[in-house]
Amino acid sequence: MVKEAGREDVGVRERVREALFKSARELGLEIERSRIHLERPKELSNGDLSSNIALLTAGLIKSNPLKLAERIVENIPIDPDFIEKVEIAAPGFINFYFSVKYLRDQVLKINRLKGSYGDMDLGKGKKIQIEFVSANPTGPLVLVSARSAAVGNALVNLYKKAGFNVESEYYLNDAGKQVHKLGISLMARFRQSLGESYNFPDDGYPGEYLIGIARQIPEDKGREWLGLESDVGVVKFVDFALERMVESIKKDLESFGVSFDLFFKESALHRSNGEIDQALEIMKEKGKIYENDDALWFRSSDFGDEKDRVVVRSDESPTYFLADAAYHLNKLRRGYDRVIDIFGPDHHGHVQRLKAASAVFGGSKDWLEIITVQWVRLIEDGKEISMSKRAGEYITLNDLVSDVGLDATKFFFLMRKNSAHMDFDLSLARKKSDENPVYYVQYAHARISSVISFAKENNVEFPDNWDCVELLEEQEEMDLIRKLVVFPQLVEGSVLMNDPNRLTTYTREIASYFHSFYHICRIISNDSHLSQARLLLAEATRIVLAESLRLIGVSAPLKM
RNA sequence: GCGCCUGUAGCUCAGCUGGAUAGAGCAACGGACUUCUAAUCCGUAGGUCGCAGGUUCGAAUCCUGCCAGGCGUACCA
């Protein structure tokens, strides 16, 4: 029932599209429904929805677009309670205006549906997995990972709202050379902690966090590990380091408000006759493997990759790529209808080869979608903060959150589209003032909450009879409602584009429209019916704002 | 060299997958609080949408070629 209502909102375009389609067909115009494009004009004076159907088709029947538009409009079957006015504008647009009744009804609908407003069934329960962050557990989470975390988390929320059955996952690279280096680095730190003058390995991880972890190793244990044969001993250090690193990454993500259904360990794929072997076997069966220079190569270039990729090295060890391919074989077997990977920019070279592997394993063309989130630069007082991962000097997720706060961090990351390189302005994010867009939006929510409690104190209650919305007629009221009713489309659009940034922009617009309304229209006044009507509108705004913020993972404070 | 991303107001960025007069925030300037939160509102100013072609009724958006920046281009992950 609730879902139906949400779908109907997205179906607004569908209703208009259908009317256009029927009218056009009456005129003998054969046009595919899907080609009838409806958009929201920038200028309110151009209506709430606009169609370019006449412009598109006039050429086909050698007619003037304006005249054709007129004919289409003449006998268009549309409910006047829904669309009040249909106008034609040069050079041939057909503009639709929502009726005032329709808009007022939406205020009531939002009040009725509350947080479920905008829920929809786009996904039809399809099972979809979103994998993100997946940073190597060889150090604390850095800025790009933080950005991926913010984006991934928001997408999980959005897909759920859109009716998908979503699982979130973190792929843990707990095998391979980098992890080995981590162990060696920890061993070095441990030796140093014993007072040995031990040279730290050149290609080790020099960050201070390993010094801290080294201190946690009980001295007798550590000495025992050093006494073991070097291969076996290093593994002890690897395991210790991994356990602590994973623990701290999980903790950091949790305090960032991001959780995962599963942390999938790469090592699970490496067991004998495990998925890595099977993945290779399938590639061989499909004839996509050949040998060269003692190594095994995968013909990813058959699928649009720049060149073929090594899957088994000449020393017979599997590459990272083969493990990653095997991981996707595993995902495929788990029966997801779709899988989304969120990559950092340093991994974009992997996109084609992974898609190639998925195709070989039998995944359909759209089964695997890869989103690339771009780099983040930190700016302070107008200058870039330089970081060196090599030297172990960098700002972590934790540093950032404790500096500017949880909400500002997420909000800032989600203000940009994924594919845009972003400058994170620390000085601005830090400011708890009107200059900071997060507080602008949160302030609107706090303000509404405050008005609602003020209303209660003054015995203005939410009405049982909702007829009072008929008193809503001011320009600011209508403009605000028009903004609110777009919410379901925003949810849908964010999902289709795999980018939550629109929603963030939207929260700023809602806040702005509300503030204007607030200044022009006194909410709690001597007119009790009008007060109730405006209270309903304020509450509807609060609901949409709170739900939008929830989706992007930002809190909606009652007071500020 | 090749591939991916980016180039829009002084700064940071939107621009709804081709629409109508290109929009916000910050910074600048001028106004608005004895009444529900001034962390707010209203107004002014600010543009060759990197450059050049092309596609069409119509281009910031699509195509081609340049220019600039970032990243990738390992039998590392």
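Structure data summary
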{"quantity": "Selection from region A:58-72 of residues that are within 9 Å of RNA strand B (Cβ to nearest atom) and either in a helix (DSSP H, G or I) or in contact with a Ser or Thr (Cβ under 8 Å, 6 or more places away or on another chain) (or both)", "calculated": "A:Pro65"}
{"quantity": "Residue satisfying all of: in region A:99-129; hydrophobic (A, V, I, L, M, F, W, C) and touching a Phe, Trp or Tyr at 6+ places or on another chain (Cβ under 7 Å); farthest from A:Ser185 (Cα to Cα) among these", "calculated": "A:Leu108"}
{"quantity": "Count - residues of region A:106-132 that are open to solvent by less than 20 Å² (accessible area, probe 1.4 Å), more than 30 Å from A:Asp467 (Cα to Cα) and assigned to a loop (DSSP other than H, G, I, E, B)", "calculated": "2"}
{"quantity": "Check on A:Phe96, within 10 Å of RNA strand B (Cβ to nearest atom), in contact (Cβ under 8 Å) with a residue 12 or more places away in the chain and either of a type outside the set (S, T, N, Q) or open to solvent by 70 Å² or more (accessible area, probe 1.4 Å) (or both)", "calculated": "yes"}
{"quantity": "Test: residue in region A:451-465 that is in the same structural domain as A:Ile510 (by TED's automatic domain parsing) and hydroxyl-bearing (Ser, Thr, Tyr)", "calculated": "yes"}
{"quantity": "A:Leu226 vs. criteria surrounded by fewer than 22 Cβ atoms within 10 Å (Cβ to Cβ), on the phi < 0 side of the Ramachandran plot and aliphatic (A, V, I, L, M)", "calculated": "yes"}
{"quantity": "Every residue from region A:351-377 that is buried (at least 21 other Cβ atoms within 10 Å of the Cβ) and either within 19 Å of A:Leu397 (Cβ to Cβ) or within 12 Å of RNA strand B (Cβ to nearest atom) (or both)", "calculated": "A:Arg353, A:Leu354, A:Val373, A:Val376"}
{"quantity": "Selected residue (criterion: farthest from A:Val441 (Cα to Cα)) from residues of region A:522-552 that are more than 14 Å from RNA strand B (Cβ to nearest atom) and surrounded by fewer than 18 Cβ atoms within 10 Å (Cβ to Cβ)", "calculated": "A:His529"}
{"quantity": "Of residues in region A:174-204 being out of contact with any Gly (no Cβ under 7 Å at 6 or more places or on another chain) and of a type in the set (S, T, N, Q), the one surrounded by the fewest Cβ atoms within 10 Å (Cβ to Cβ)", "calculated": "A:Ser197"}
{"quantity": "Any hit, region A:34-44, residues being in a helix (DSSP H, G or I) and surrounded by 14 or more Cβ atoms within 10 Å (Cβ to Cβ)", "calculated": "no"}
{"quantity": "Verdict on A:Leu103 being assigned to a helix (DSSP H, G or I) and either within 16 Å of RNA strand B (Cβ to nearest atom) or exposed (fewer than 15 other Cβ atoms within 10 Å of the Cβ) (or both)", "calculated": "no"}
{"quantity": "Top-ranked residue in region A:73-87 [being within 14 Å of RNA strand B (Cβ to nearest atom) and either surrounded by fewer than 18 Cβ atoms within 10 Å (Cβ to Cβ) or assigned by TED's automatic domain parsing to the domain that holds A:Ile481 (or both); ranked as nearest to A:Lys42 (Cα to Cα)]", "calculated": "A:Glu87"}
{"quantity": "Neighbours by Cβ (under 7 Å, 6+ apart or cross-chain): first from region A:355-374, within 26 Å of A:Phe413 (Cβ to Cβ) and in contact (Cβ under 8 Å) with a residue 12 or more places away in the chain; second among the β-branched types (Val, Ile, Thr) and within 16 Å of RNA strand B (Cβ to nearest atom)", "calculated": "A:Glu369/A:Ile340; A:Ile370/A:Val351; A:Ile371/A:Ile340; A:Ile371/A:Ile342; A:Val373/A:Val144; A:Val373/A:Val151; A:Val373/A:Ile342"}
{"quantity": "Subset of region A:322-342 that is assigned to a loop (DSSP other than H, G, I, E, B) and in contact with a Lys or Arg (Cβ under 8 Å, 6 or more places away or on another chain) - its residue that is nearest to RNA strand B (Cβ to nearest atom)", "calculated": "A:Asp337"}
{"quantity": "Selection status of A:Val469, touching a Leu at 6+ places or on another chain (Cβ under 8 Å) and in contact (Cβ under 8 Å) with a residue 60 or more places away in the chain", "calculated": "yes"}
{"quantity": "Verdict on A:Ala58 being surrounded by fewer than 20 Cβ atoms within 10 Å (Cβ to Cβ) and of a type in the set (Gly, Ala, Ser)", "calculated": "yes"}
{"quantity": "Failed criterion for A:Asp48 (all others in (1) within 15 Å of RNA strand B (Cβ to nearest atom); (2) open to solvent by 40 Å² or more (accessible area, probe 1.4 Å); (3) among the charged types (D, E, K, R) hold)", "calculated": "(2)"}
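The values are calculated or read from the model by the stated rules, or taken from the named source; none is laboratory data. None of the values given here were measured: they were computed from a predicted structure. Cβ: placed from backbone, ideal geometry, glycine included. Neighbour counts: every protein chain shown. Ligands, DNA and RNA are excluded from the accessible area calculation, which covers all protein heavy atoms including side chains. Shrake-Rupley method; radii C 1.70, N 1.55, O 1.52, S 1.80 Å.
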